[in-house]
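The values are calculated or read from the model by the stated rules, or taken from the named source; none is laboratory data. None of these values were measured; they are calculated from a predicted model. The area values use the complete protein model at the heavy-atom level, side chains included, leaving out ligands, DNA and RNA. Shrake-Rupley method; radii C 1.70, N 1.55, O 1.52, S 1.80 Å.
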Amino acid sequence: MQRAQALNPEAVKHWFDLVEELIVKTEIRRENIYGMDESGFPAGEQGKQCVIGARGTKTQHKQGGADRDNTTAIITICADGTSLCPTIVMKGQGFKEAWFRDNVLECSYV
């Protein structure tokens, strides 16, 4: 809600002024501009959860246990239209080489 309220003509003009000053005037090439986003996903059965919010309000809160595992996906795109392989982050204690054999996206791992 706060993000939507912050989107006004003055804020948009300021954003494009910054883009012009920091990217256009310094001649940063498209292939050197990246954007990324990460999203977290709860794994499997999450047990009981509760949504709390006062009647008539738009703001609600979700409450659940804090001991849940989460999987994170990181997606990166380039201004020239290309993209990097997605990165998936999962809880783990070790890595087996066999898990990586059928890596159809040819993603790297650490």
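Quick test of your reading of the structure: I28 fulfils all but one of (1) open to solvent by less than 80 Å² (accessible area, probe 1.4 Å); (2) in a loop (DSSP other than H, G, I, E, B); (3) at pLDDT below 90. Name the failing condition by number.
(3)
Could you run through segment 1-25 and say how many residues are open to solvent by less than 100 Å² (accessible area, probe 1.4 Å), over 20 Å from the mean Cα position of the chain (by Cα) and modelled with pLDDT under 85?
Of the residues in segment 1-25, 1 are open to solvent by less than 100 Å² (accessible area, probe 1.4 Å), over 20 Å from the mean Cα position of the chain (by Cα) and modelled with pLDDT under 85.
Answer with yes or no whether T57 is assigned to a loop (DSSP other than H, G, I, E, B), open to solvent by 80 Å² or more (accessible area, probe 1.4 Å) and either among the polar types (S, T, N, Q) or at pLDDT 95 or above (or both). Spell out how you get there, then give the answer.
On the way: assigned to a loop (DSSP other than H, G, I, E, B): yes; open to solvent by 80 Å² or more (accessible area, probe 1.4 Å): no; either among the polar types (S, T, N, Q) or at pLDDT 95 or above (or both): yes.
Answer is no for this residue.
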